[in-house]
1. Order the peptides 270-280, 396-406, 139-149, 254-264 from the highest to the lowest mean number of other Cβ atoms within 10 Å of their residues.
2. Where in region 279-309 is the amide nitrogen less than 12 Å from a point lying 7 Å along the Cα-to-Cβ axis of GLN354?
3. Can you tell me which of 115-126, 315-326 comes out highest on packing, and rank the rest after it, using the mean Cβ neighbours within 10 Å?
4. Give me the orientation-averaged projected area of the Cα convex hull of region 88-194, in nm², one decimal.
5. Based on a Kirkwood Rh over C-alpha pairs, give the Stokes-Einstein translational diffusion coefficient of region 285-377 at 4 °C and viscosity 1.567 mPa s in µm²/s.
6. Can you work out the FRET efficiency for the pair ALA281 and LYS204, with r the C-beta to C-beta distance and R0 = 56 Å, to the nearest 0.05?
7. Please list 3J(HN,Hα) in residue order for region 236-245, calculated via the Karplus relation 6.51 cos²θ - 1.76 cosθ + 1.60 where θ = phi - 60°; whole Hz, with x for glycine and proline.
8. With 28 Å as the limit, write out which pairs from LYS189/LYS387; LYS161/LYS355; LYS311/LYS387; LYS175/LYS301; LYS175/LYS291 have Cα-Cα distances beyond it, or answer none.
Amino acid sequence: TRGHVWYPASFHCTKKKRVGLLKPLLSLSLVFASFLMIHKLKLAEKDGVGVKRMRDAVWCGSECFSFKKRVVKNSLGSSESPVLSNGLDAQRVSKGTPASWDAQVLNCSEDASVRTQDWFGRLDPRFHQFVLHRHCRYFPMLINHPEKCADGEVQLLMVVKSVIEQHDRREAVRKTWGKEHTVDGKKIKTLFLLGSPATGKDTKNLQKLIEYEDMIYGDILQWDFMDTFFNLTLKEVNFLKWFNIYCSGVQFIFKGDDDVFVNTHNLLQLIDFRVEERKEAELFVGDTISKAIPIRNRQSKYYIPKELYDKPYPPYVGGGGFLMSSQLARRLFVVSEDLELYPIDDVFLGMCLQKLQLAPEMHPGFRTFGITRRRVSPMNGEPCFYKNLIVVHKLSAQELLRMWSVVHNEDLICAQRVSV
């Protein structure tokens, strides 16, 4: 399916014509969702929820944005920044760290030499585009906020993976654990990582909506690659490079999904403990998975064919939520540039850690598979567990808002610390 194939934003593929009422229904649904989202965003702006105020009372189009897509070419088709034939910019090859985001032109043609390899002929076709474009690593930014880390010392940067359509999840995160504030003099900032919407007739509308949302909140980073499952690793490497350029003063990064519950009080306590113990330099902690092997079930979302990877995985943490130090993030950026991209993002970070001869730390407070693996278990709705844990996966936007309210209710009394 399309969601499981690697596509750059400019890659076009033919689709079979769909019959019936599916397209009209989808279009009507998008129009309704768009009106609802704009209404919610305007209410948020009016009520002062947004971090970033609109300068004008009416929608004024893309000219309002100072950070938008910049594809600068001359008559010969070359860019202002030198781009090599394999899609990697000159500064990337020279290992220098640019002063600003330097991937300005999308130049990602397939690596035709891969097609001559024997193993490629045996590879499951759904992985063909990923492998052919695996060398394409850094992409132009459509929305950037280089000022996010520049406002004084930021102790904790909350970085949340999301997609354009999941506006309700981002709203829930902003109202709960992703709310930007200062705790005991320690600043907490939040960013959402997005790719581009899939190519289609509603692409421009979706892009306008996300630009409108960013005008109000100012907390979105967006790159010009298509938002698919295989491209989650692109969010990892593009963010690591972005962080290395713009966030020299940040001390810690929490990175997670937009459908998790995070107890920020417990997360800050964990940071304080590690700082007191002077163990923060190599901090990388979460729900560690050890001795895992690639899944060979073709029906699984995480299926990996033998031709792509045929050995055990290194220890890695569940991508639902983990904490790392800024020092380690910069080291991960350096080693990531010399590793081939892998279609499972949390496994790829485990490979980077292995390259550094480090292992992630297991912490019982991170439950990226839920409190129990049985989704229907009543324990997964027990607020005292959430009060004592750090990260719990997986919640809908409504469940997150409700659980946040219950956990922070002063009338909630938990007789003793509970564990599972």
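Nothing in this text is a laboratory measurement; each read-out follows from the coordinates by a stated rule. Remember, predicted model here, so these are calculated numbers, not experimental data. A quick note on method: Cβ atoms are made from the backbone with ideal geometry, for glycine too, and the neighbour counts reach across all protein chains shown.
1. Those peptides, ordered most packed to least, come out 254-264, 139-149, 396-406, 270-280.
2. Zone members listed by number: 290-294, 309.
3. So the peptides 115-126, 315-326, ranked by packing, come out 315-326, 115-126.
4. If I average the Cα hull's projected area over directions, I get 10.1 nm².
5. Working: Rh = 14.3 Å.
Diffusion coefficient, whole number: 91 µm²/s.
6. Details: r = 45 Å, r/R0 = 0.81.
Here the calculated transfer efficiency is 0.80.
7. 5, 6, 5, 5, 4, 5, 4, 4, 5, 7
8. Where the Cα-Cα span goes over 28 Å, the pairs concerned are LYS311/LYS387; LYS175/LYS301; LYS175/LYS291.
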